[in-house]
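FYI, it's all coordinate maths here, none of it is from the lab. Everything quoted here is computed from the prediction, not taken from an experiment. Cβ atoms come from the backbone with ideal geometry, glycine included; neighbour counts cover every protein chain shown.
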């Protein structure tokens, strides 16, 4: 008996994008919809402002320091050198994003000196899991994108991309929180699979390793995807996009209560907590509703 040939899913040739791209979606906005459709609406359609938290500001700062660290010669990438970058990078960030300075205006006074010290402490966690003198990243804080389903642009920022001499890819993402419980780990891996799909579709290479570095706990989580998994993941992303389209057409974004509600900025407007969402924006029904994924900027270093 002749064996049936085995076919392996192949990425399309990274050729030209189709003439019309109807929508765009980032891993953060896709994860918002998976977590709670109403949260997606608040962030991407209503575009409600959210105050930057101390944790988010600290994460942005640490990402900025780690990006600049690799500007130094290899042997100069020391813990002391990273610590010396903390204050200058914070000054730069506040100049470029003045809203970051508002993290010190909360009900409980925050100490800017302690804030910088805590960021430096997270950098110690980085040096506990990696030796940057042995690394030469191919890309840092890089925006990547691909078109799937002929009309959906998926894109996001990579914290770091390493390329081995044999061409193998390793996607590295820095997390400044503690090593996650299951719900947060799934969200983090969803983000990295998103990046893996983009890289496969544009470069024809499935990343060998997706790596999460949890700096607070000095832990590493590695995951190895394959092409079959990325085909399934692409179907998931497209299905999410279609669900968002349907919800937009019906103006029907329902809350999905979970433990994550404790961190939501919009409880006052959520029916779960006795609130009432604002009227659905008129423009959202006639404009391209999914381009709203750009309305909450994917700020490099903000754990996009």
Original post:
Using 0.36 nm per residue, how much length does the chain from residue 246 to residue 136 gain when fully extended, once their Cα-Cα distance is taken away?
Top reply: 35.2 nm
**OP:** Output the peptides 225-238, 41-54 sorted from most to least packed, where packing is the average of other Cβ atoms within 10 Å over each peptide's residues.
**Re:** 41-54, 225-238
Original post:
Dividing the Cα convex hull volume of the stretch 54-134 by residue count, how many Å³ per residue is that?
Top reply: 82
Subject >> Computed log₁₀ I(q)/I(0) - Debye formula, equal Cα scatterers, no solvent, the stretch 47-203, q 0.11, 0.15 Å⁻¹ >> reply: -0.53, -0.95
Subject >> Inter-label distance for residue 52 and residue 128, nm, one decimal - labels placed 7 Å from Cα along Cα-to-Cβ >> reply: 2.7
Subject >> Spacing of the two label points (7 Å from each Cα toward its C-beta) at residue 149 and residue 231, in nm >> reply: 1.8
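Taking the stretch 144-203, how much of its Cα-Cα pair set, in percent, is spaced more than 16 angstrom apart?
On the way: 906 of 1770 pairs.
Distances greater than 16 Å cover 51 percent of the Cα pairs.
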Original post:
With labels modelled as points extended 7 Å from the Cα through the Cβ direction, what inter-label distance (nm, one decimal) is found for residue 113 paired with residue 74?
Top reply: 3.9
**OP:** Please order 152, 25, 116 by the number of other Cβ within 10 Å, starting at the fewest.
**Re:** 116, 152, 25
**OP:** Kindly give Rg over Rh for the stretch 118-252, based on alpha-carbon atoms, with the Kirkwood expression for the hydrodynamic radius.
**Re:** 1.01
